[in-house]
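Have a look at the structure below, then the notes.
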Amino acid sequence: MSLRGRSEPLPDELQSLLDAMLEADPAKRPRMSVIGERFAWWARRRIPDLSGLFIGLGFWIAYGLLALGTDIIKQLGLPDLTTAPLSVTLFLVVLNIFPLAIFGTAMYQILLLIIQRNRLRAVIVLTMLALMLLVALLGWIPSLFAGYPFTHF
């Protein structure tokens, strides 16, 4: 049995329960207590997917750490990068990769929207990225993207 009008199949646990309930022989059908327990178990399992929120927060945290690192390195007053320690050079590499990571993540989330998979996560991630970029453009947080690619401070 399948429900008409649904664009996606039922989960296997729910489909097997419905099939058992529609058994032709009444003796083979599950008892009401079993049906209630299985529905309750299935409902408890359906926890909302918050992965999009965690991905977006990860970008916000990374943005904040990169902004803090940029301020710290500016205070070091290095004349050029040839005398900079390896940690500063590695920081610049990460700083240059960050806009590419944002772009790649945004493109992947748009692809998920197009193919209609994980749409809620895609919308949450895109919203958080757009909000981060808007806040940076408004100047409420330091702009990391001025002067990209970063070769000096």
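The values are calculated or read from the model by the stated rules, or taken from the named source; none is laboratory data. All figures in this text were calculated on a predicted structure; none of them were measured in a lab. No Cβ is skipped: glycine too gets one built from the backbone with ideal geometry, and neighbour counts run over all protein chains shown.
Miscellaneous remarks
- Among the residues of the stretch 63-84, some residue qualifies, meaning at least one is hydroxyl-bearing (Ser, Thr, Tyr), surrounded by 11 or more Cβ atoms within 10 Å (Cβ to Cβ) and either at pLDDT 85 or above or assigned by TED's automatic domain parsing to the domain that holds residue 115 (or both).
- Where a residue in the stretch 54-66 is assigned to a helix (DSSP H, G or I) and its partner, wherever it lies, is surrounded by fewer than 16 Cβ atoms within 10 Å (Cβ to Cβ) and at pLDDT below 90, with Cβ under 6 Å and at least six apart: none
- Filter result for residue 2 (out of contact with any Ser or Thr (no Cβ under 6 Å at 6 or more places or on another chain), polar (S, T, N, Q) and modelled with pLDDT under 85): yes
- If you filter the stretch 8-51 down to residues that are in a loop (DSSP other than H, G, I, E, B) and modelled with pLDDT of 85 or more, you find that the one that is nearest to residue 119 (Cα to Cα) is 22.
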